[in-house]
Amino acid sequence: MGEDGFAGWLETAERMATVTTSELHDCHDCGVKPGELHTPGCDVQRCPRCGMQQIGCNCIYEVNNIDVDDMETEHPSIYKNGPTKQMYAKWDVEWGTRQQLWTGEWPGIAECREYGFWCLWDEANRRWMGWPKFKNITAETPGAQEDLNRLVGVCRWDIDAQKWMQRR
Ligand SMILES: [Zn+2]
Ligand SMILES: [Zn+2]
């Protein structure tokens, strides 16, 4: 998984979280309605294989047995131009059908609610207060938002359930 992708996903998620909580709406990036598939390349689309932002993860390379660390030297044209049609075709066979529909809320926030993961935006210090330092924020805390950092920090992505699950 690309570090930038992960950071970018959370950053966007945090930005959006301030406008989203518990209301269903069209996808912020591609504009589809709840219950529809995102359009290709949508920022919000979650990868069915790793649970992270699809445009930021390396899964398409991994299923095609391409080592991302060596890609610049071993596969310069893919490095430069992105995955080929054949690579997408291979991806689609196994993973395309597992693509999740846009639910109307940011991927992962339903799990945060279920597990009680909450954080709070600290306007004065321009940062999120949440896991792992701030543990006493609950759904009842005024202004509480779902804590996606905690979700990906303490849960694992379950491919069969297509959901972040708490580790046992
Ligand atoms: Zn979308
Ligand atoms: Zn992935």
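Each reported figure results from applying straightforward, stated rules to the coordinates on display, with no laboratory input. This structure is a prediction, so every number in the text was calculated from the model and none was measured. Positions of Cβ are backbone-derived with ideal geometry, glycine not excepted, and every protein chain shown enters the neighbour counts.
If packing is taken as the mean number of other Cβ atoms within 10 Å per residue, what is the order of 79-88, 133-142, 26-35, highest first?
26-35, 79-88, 133-142
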Quiz item: Using only Cα atoms, what is the ratio of the radius of gyration of the stretch 56-119 to 2.2 N^0.38 Å?
Solution: 1.52
Quiz item: So for the stretch 109-166, what are the equivalent ellipsoid semi-axes in whole Å, largest first, each being the square root of 5 times an eigenvalue of the Cα gyration tensor?
Solution: 23, 11, 9
Quiz prompt | Angle between the chain longest axis and helix 3-20 axis [Cα atoms, degrees, rounded to 10] | solution = 40
Quiz prompt | Gyration tensor over alpha-carbon atoms, the stretch 20-88, equivalent ellipsoid semi-axes in Å | solution = 30, 12, 10
Practice problem: Using the structure shown, select from 33/135; 33/163; 135/163; 133/163; 80/133 the pairs with a Cα to Cα distance greater than 29 angstrom. | Solution: 33/135; 80/133
Exercise. Please give the helix 85-94 orientation as an angle from the longest Cα principal axis of the chain, in degrees from 0 to 90, rounded to the nearest 10.
Key: 60
Quiz item: What is the Cα convex hull volume of the chain when expressed per residue in Å³?
Solution: 139
Self-check item: Sequence ranges 150-157, 51-58, ranked by mean other-Cβ count within 10 angstrom, highest first
Solution: 51-58, 150-157
